[in-house]
Amino acid sequence: MIARRSLLLAAPALATIPIGDRALAQSWPSRPITIIVPFPPGGSNDLLARPLAAKLQQALGGHPVVVENRGGAGGTVGAAQVARSAPDGHTLMWGHVGTLAVNPFIYPNIPYDVLRDFAPVALVATLPGVLAIHPSVRARTTAEFIALAKAQPGTLEYGSAGNGSASHITMASFCDAAGIDLVHVPYRGNGPMLTDLLAGRLKVAFAGAPVVLPAVRDRLLVALGMSAARPSPSIPGINPVAEALPGYEMVQWHGLVGPAGMPPAVITRINEAVNGQLNDPELLQRLATEGADAAPRTPEAFRALIASELDRFRTLITRAGIRAD
């Protein structure tokens, strides 16, 4: 029943595609579909990709959809492998803002060109970061924190999961937008960073909701705001930083891409199948557990997002002098 519903959802889009391509879409898939997650198991990319893969398998009538972790160099190893794969729709990549929009500017000689070598297929989710401070910091709103930082330039230390990480990029963009000067302390992962933040050795971090919200609920940290422009269903009760800093938005995003040259009809079929599952209550709950909100878009809209983010991060990373570890 689920597979039939997905095909019906795809029918209007497929009707505009040439008959030969439509026949190809109907014969796809002919073997198991592999989603490459270019990061190790257990991280947010992996934890978001696996439930989506399970739902995609349901939408395709039980056809196998498997997830493989191929980490290395901040996602560039797995991404390069997918870029070289046959563009037949059987090899996809879990695309992340870091892999597709940040890495080209922090890693020298990256082995792929994002817009040339990948076909955007389906945006899946966005993840806002949470601006959290140690309770000893004398601020309880984003506006108060910005004022405090301006009064004490170059003295407040913030932590990140490492140079070029999402938490680093998000805070760098916040400092740039707010016109404040904070001291960056990079760690090897969110765990040690959180330990020092809880101990007060750091004063602030801009991290994913699963990283800091348990401590916020236990009143060990204070959440000042979050980085989406509008309230997020996955982290209710935390106001956007944009209320104090108009126009500010910096969210992570995740989606599926494939090698360039994939047949348009296959891209359309996958996109319709994914979008059809992004209303599933079970999947929405799994996304919310990771602080993520469903974000269905067309392949064309996903490509436009990637292009605009490449432009944005080229400017930000150059200005901030960010380099990978």
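Modelled with pLDDT under 95 and open to solvent by 10 Å² or more (accessible area, probe 1.4 Å), is that true of ILE146?
No; evaluated as a whole, the condition is false for this residue.
Would you confirm, using the coordinates I've provided, whether ALA265 is in contact with a Lys or Arg (Cβ under 9 Å, 6 or more places away or on another chain), touching a residue at least 12 places away in the same chain (Cβ under 8 Å), open to solvent by 30 Å² or more (accessible area, probe 1.4 Å) and over 24 Å from ALA178 (Cβ atoms)? Break it down stepwise before answering.
Details: in contact with a Lys or Arg (Cβ under 9 Å, 6 or more places away or on another chain): yes; touching a residue at least 12 places away in the same chain (Cβ under 8 Å): yes; open to solvent by 30 Å² or more (accessible area, probe 1.4 Å): no; over 24 Å from ALA178 (Cβ atoms): yes.
It is false that ALA265 is in contact with a Lys or Arg (Cβ under 9 Å, 6 or more places away or on another chain), touching a residue at least 12 places away in the same chain (Cβ under 8 Å), open to solvent by 30 Å² or more (accessible area, probe 1.4 Å) and over 24 Å from ALA178 (Cβ atoms).
Quick check, is ALA172 closer than 21 Å to ILE146 by Cβ and in contact with an Asp or Glu (Cβ under 6 Å, 6 or more places away or on another chain)?
Working: closer than 21 Å to ILE146 by Cβ: yes; in contact with an Asp or Glu (Cβ under 6 Å, 6 or more places away or on another chain): no.
So ALA172 fails the test.
Can you confirm whether the stretch 73-84 contains a residue that is of a type in the set (A, V, I, L, M), out of contact with any Phe, Trp or Tyr (no Cβ under 7 Å at 6 or more places or on another chain), within 25 Å of LEU245 (Cβ to Cβ) and not in a loop (DSSP other than H, G, I, E, B)?
So the first thing to find is which residues in the stretch 73-84 are of a type in the set (A, V, I, L, M), and the list is 73, 77, 79-80, 82-83.
The next check asks that each one be out of contact with any Phe, Trp or Tyr (no Cβ under 7 Å at 6 or more places or on another chain); those that pass are 77, 82.
Filter once more, so that each one left must be within 25 Å of LEU245 (Cβ to Cβ): none.
Scanning the stretch 73-84 turns up no residue that is of a type in the set (A, V, I, L, M), out of contact with any Phe, Trp or Tyr (no Cβ under 7 Å at 6 or more places or on another chain), within 25 Å of LEU245 (Cβ to Cβ) and not in a loop (DSSP other than H, G, I, E, B).
Taking the condition of being surrounded by fewer than 16 Cβ atoms within 10 Å (Cβ to Cβ) and either at pLDDT 95 or above or within 19 Å of ALA288 (Cβ to Cβ) (or both), how many residues in the stretch 32-42 meet it? Reasoning before the result, please.
First, the residues of the stretch 32-42 that are surrounded by fewer than 16 Cβ atoms within 10 Å (Cβ to Cβ): 32, 40-42.
Next cut, either at pLDDT 95 or above or within 19 Å of ALA288 (Cβ to Cβ) (or both) only: 32, 42.
Counting residues in the stretch 32-42 that are surrounded by fewer than 16 Cβ atoms within 10 Å (Cβ to Cβ) and either at pLDDT 95 or above or within 19 Å of ALA288 (Cβ to Cβ) (or both) gives 2.
Would you point out the residue of the stretch 130-143, among those that are outside any loop (DSSP other than H, G, I, E, B) and out of contact with any Lys or Arg (no Cβ under 8 Å at 6 or more places or on another chain), that is farthest from VAL251 (Cα to Cα)?
In this case the residue turns out to be ALA143.
Give me the pairs: first residue in the stretch 281-299 and closer than 15 Å to GLN252 by Cβ, second residue of a type in the set (Phe, Trp, Tyr) and crowded, with 19+ Cβ neighbours inside 10 Å, beta-carbon distance under 7 Å, and six or more apart or on different chains, which are they?
ALA295/TRP253
Would you mind finding the one in VAL137, VAL185, VAL130, VAL211 that is of a type in the set (A, V, I, L, M) and at pLDDT below 95? Break it down stepwise before answering.
Details: VAL137 fails: at pLDDT below 95; VAL185 fails: at pLDDT below 95; VAL130 fails: at pLDDT below 95.
Going through VAL137, VAL185, VAL130, VAL211 in turn, just one is of a type in the set (A, V, I, L, M) and at pLDDT below 95: VAL211.
Determine which member of the set GLY237, GLY225, GLY255, GLY159 is small (Gly, Ala, Ser) and surrounded by fewer than 23 Cβ atoms within 10 Å (Cβ to Cβ). Walk me through how you get there before you give the answer.
Numbers: GLY225 fails: surrounded by fewer than 23 Cβ atoms within 10 Å (Cβ to Cβ); GLY255 fails: surrounded by fewer than 23 Cβ atoms within 10 Å (Cβ to Cβ); GLY159 fails: surrounded by fewer than 23 Cβ atoms within 10 Å (Cβ to Cβ).
Among GLY237, GLY225, GLY255, GLY159, only GLY237 is small (Gly, Ala, Ser) and surrounded by fewer than 23 Cβ atoms within 10 Å (Cβ to Cβ).
Go through the stretch 213-272 and count every residue that is of a type in the set (Lys, Arg) and under 30 Å from GLY89 (Cβ atoms).
Start the filter on the stretch 213-272 by keeping residues that are of a type in the set (Lys, Arg), which leaves 217, 219, 230, 269.
Add one more test, that the residue is under 30 Å from GLY89 (Cβ atoms), and what stays is 269.
Matching residues across the stretch 213-272 total 1.
Every residue in the stretch 240-252 that is assigned to a loop (DSSP other than H, G, I, E, B), surrounded by fewer than 17 Cβ atoms within 10 Å (Cβ to Cβ) and in contact (Cβ under 8 Å) with a residue 60 or more places away in the chain, please.
Within the stretch 240-252, GLY247 is the sole residue that qualifies.
Consider GLY208 carefully, then state whether it is surrounded by 15 or more Cβ atoms within 10 Å (Cβ to Cβ), within 22 Å of the chain's Cα centre (by Cα) and touching a residue at least 12 places away in the same chain (Cβ under 8 Å). First the steps, then the outcome.
Numbers: surrounded by 15 or more Cβ atoms within 10 Å (Cβ to Cβ): yes; within 22 Å of the chain's Cα centre (by Cα): yes; touching a residue at least 12 places away in the same chain (Cβ under 8 Å): yes.
It is true that GLY208 is surrounded by 15 or more Cβ atoms within 10 Å (Cβ to Cβ), within 22 Å of the chain's Cα centre (by Cα) and touching a residue at least 12 places away in the same chain (Cβ under 8 Å).
If a residue has to be assigned to a loop (DSSP other than H, G, I, E, B), in contact (Cβ under 8 Å) with a residue 24 or more places away in the chain and out of contact with any Ser or Thr (no Cβ under 7 Å at 6 or more places or on another chain) to count, how many in the stretch 26-59 make the cut?
The qualifying residues number 8.
Identify all residues within the stretch 263-306 that are charged (D, E, K, R), within 14 Å of ALA122 (Cβ to Cβ) and in a helix (DSSP H, G or I); write none if there are none.
ARG269, GLU272, GLU300, ARG303
Looking for something small (Gly, Ala, Ser), modelled with pLDDT under 95 and in contact with a helix residue (DSSP H, G or I) (Cβ under 9 Å, 6 or more places away or on another chain) - is there at least one such residue anywhere in the stretch 263-283?
Step one: filter the stretch 263-283 for residues small (Gly, Ala, Ser), giving 265, 273, 276.
Restricting the remaining residues to those that are modelled with pLDDT under 95 gives none.
There is no residue in the stretch 263-283 that is small (Gly, Ala, Ser), modelled with pLDDT under 95 and in contact with a helix residue (DSSP H, G or I) (Cβ under 9 Å, 6 or more places away or on another chain).
The values are calculated or read from the model by the stated rules, or taken from the named source; none is laboratory data. Values in this document were obtained by computation on a predicted structure and should not be read as measured data. As a convention, Cβ positions derive from the backbone with ideal geometry for all residues, glycine included, and neighbour counts pool all protein chains shown. Just the protein is used for accessible areas: all its heavy atoms, side chains included, with ligands, DNA and RNA removed. Shrake-Rupley method; radii C 1.70, N 1.55, O 1.52, S 1.80 Å.
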